[in-house]
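The next block holds one structure in the form of structure tokens; read it before the comments.
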Amino acid sequence: MSHNSADRLVKMANQIGKFFAAQRHSDAVAGTAEHLKKFWDPRMRAGIIDHVAQGGSGLDEVPLQAVQKLAAK
């Protein structure tokens, strides 16, 4: 995946995480993971999972944990 693609995915995931941030932490992580699962194309999910496997640079805590949750399934 190109650097620009990863940057866009990180930006989008962080925006989703910020949307859910007002909720309890565990609910924010679950909500973010569910959003990624339902609305992101499988290639996008694979890209962000790969980015996290390479260290997850730039991801905020909630989306990072959400992606880790998705990767574990």
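Observations
- Filtered residues of segment 40-50 (kept if in a helix (DSSP H, G or I) and more than 14 Å from Gly17 (Cβ to Cβ)): Pro42, Arg43, Met44, Arg45, Ala46, Gly47, Ile49, Asp50
- Single unsatisfied condition, Ser57 versus (1) without any contact (Cβ under 8 Å) to a residue 40 or more places away in the chain; (2) open to solvent by 70 Å² or more (accessible area, probe 1.4 Å): (1)
- Residues in segment 60-73 that are of a type in the set (A, V, I, L, M) and open to solvent by 50 Å² or more (accessible area, probe 1.4 Å) were compared, and the one that is farthest from Asn4 (Cα to Cα) is Ala72.
- Enumeration of residues in segment 30-54 that are surrounded by 12 or more Cβ atoms within 10 Å (Cβ to Cβ) and farther than 22 Å from Asp7 by Cβ: Ala30, Gly31, Glu34
- The number of residues in segment 1-50 being among the small types (Gly, Ala, Ser) and touching a residue at least 40 places away in the same chain (Cβ under 8 Å) comes to 6.
- The one condition in (1) under 10 Å from the mean Cα position of the chain (by Cα); (2) part of a helix (DSSP H, G or I) that Leu59 fails to fulfil: (2)
The values are calculated or read from the model by the stated rules, or taken from the named source; none is laboratory data. Values in this document were obtained by computation on a predicted structure and should not be read as measured data. Reconstructed Cβ throughout: ideal geometry from the backbone, glycine too, with neighbour counts over all protein chains shown. Ligands, DNA and RNA are stripped out before the accessible areas are found, and what is left, the full protein with its side chains, is counted by its heavy atoms. Shrake-Rupley method; radii C 1.70, N 1.55, O 1.52, S 1.80 Å.
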